[in-house]
Amino acid sequence: MTCAHAFKVLPALLLLASCDDKPAPASSAPTPIPAAPAAPATTPAAIASPTSTPEPSPAKPATEYRKIFWTEELLHSEIKHYNSAYEGGAQFSIENGVPIAIDLHDQKVDNLRGFAGIPIMAIDLSGTNVGDLSPLKGLPIREIMLERTRVTDLTPLRGAPIEKIYLSGTPVSKLDGLEGASITELNLVGSQVSDLSALAKCPNLHMLWLTGCPVEDIAPLRTVPLVSLTLHRTKVKDLSPLTGTALQRLHIAETPVSDLTPLKGMALTRLVFTPANIKAGLDIARALPLQEIGTRFDDEGKDLQPPEVFWSSQPAAPAAK
């Protein structure tokens with residue numbers, strides 16, 4: 001499933017609209033973002049005097065932020081400086097002269113060099129032609145939208161305090177760079193990721209979308225505190241790594257899963273599956289504390305029903321011998 005989202009610039013934060021299968025958050029209050037200190041005005045690269053010749057200096061670490069009092073006009077100029085086709089459609093959230101959030105979705109942008117050394121906390125690059133994230137290395141990014149971009153390498157994000165990262169429709173095949181990250185939401189719908197081992201030590205990962213990925217083995221998820229997991233149209237057969245976890249929502253429709261017995265005793269409240277594929281464990285599914293159950297839950301349609309309604313339309317379970 002592709003998660004439709006709106007990235008709206010607010011005074012201090014870019015907020016992501018909820019996906020349909022997103023579990024209710026523990027708190028409705030947004031995570032506060034500390035105000036950025038005011039920075040002295042300095043001339044950015046895009047509007048530097050053409051006659052000045054800067055003295056060469058050693059490369060500065062990415063965490064040493066540029067001391068510029070940014071305005072929307074300066075930011076538009078900086079983006080244009082590195083992206084000649086840019087037409088000025090970006091939106092910004094600026095605090096004390098520091099850009100906190102930048103919305104560039106569907107803009108004619110492919111170069112992020114203008115953002116190096118700016119303490120951005122949220123950025124939407126979905127639908128752009130961006131492929132290189134290295135200018136973002138060392139930035140305090142918490143939310144990053146990379147859907148439908150050319151990004152393949154996530155290692156520049158290593159060590160960033162990222163909480164949400166959306167990679168649907170990208171050519172990403174490896175999750176190197178996300179090892180042990182503080183991610184809470186990860187969308188990999190339609191990506192090329194098959195190896196989930198980088199996620200094994202992500203202590204806060206609650207929501208994971210893998211629709212259409214070439215994933216077969218979910219063993220690395222055994223230690224991940226997932227609340228919602230979408231395996232729709234993957235190659236996953238074995239659900240045993242999920243046994244005993246705190247998972248609440250599971251989507252396994254159109255997968256080769258044929259045995260639901262690993263779900264015994266779990267506190268699932270939603271199950272989406274393909275009954276015709278199940279050879280064992282339907283009795284286990286009937287005993288789950290489900291609130292809704294169905295066979296499809298994606299952009300093409302949803303048929304979730306209360307369990308009693310759903311099971312009444314299914315063949316009766318065989319009598320125990």
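Okay, here's what the table says:
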| read-out | value |
| --- | --- |
| Kirkwood Rh in Å, taken over all unlike Cα pairs in region 221-278 | 11.3 |
| Per-residue SASA entry for Tyr86, accessible area with 1.4 Å probe, Å² rounded to 10 | 10 |
| Carbon and sulfur %, accessible surface of region 84-152 computed with the full protein complex present, 1.4 Å | 40 |
| Inter-label distance for Asp153 and Ala287, nm, one decimal - labels placed 7 Å from Cα along Cα-to-Cβ | 5.2 |
| Heavy-atom surface of region 163-321, accessible at 1.4 Å and reported per residue (Å²) | 43 |
| Loop-resident sites, region 254-303, for GluC sites (Glu not before Pro), counting at most 16 other Cβ within 10 Å (DSSP) | Glu300 |
| Region 231-321, accessible surface, carbon-and-sulfur percent (1.4 angstrom probe) | 52 |
| Positive-end extreme of charge dipole, region 217-271 - chosen from Leu260, Pro241, Leu226 (charges on Cβ) | Leu226 |
| Inter-label distance for Ser173 and Lys264, nm, one decimal - labels placed 7 Å from Cα along Cα-to-Cβ | 4.0 |
| Region 246-321-region 193-226 distance, computed between alpha-carbon centres (Å) | 21 |
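The values are calculated or read from the model by the stated rules, or taken from the named source; none is laboratory data. Values in this document were obtained by computation on a predicted structure and should not be read as measured data. Quick reminder, even Gly has a Cβ in these numbers, built from the backbone with ideal geometry, and neighbours come from all protein chains shown. Areas reflect the complete protein model, heavy atoms only, side chains present, ligands, DNA and RNA absent. Shrake-Rupley method; radii C 1.70, N 1.55, O 1.52, S 1.80 Å.
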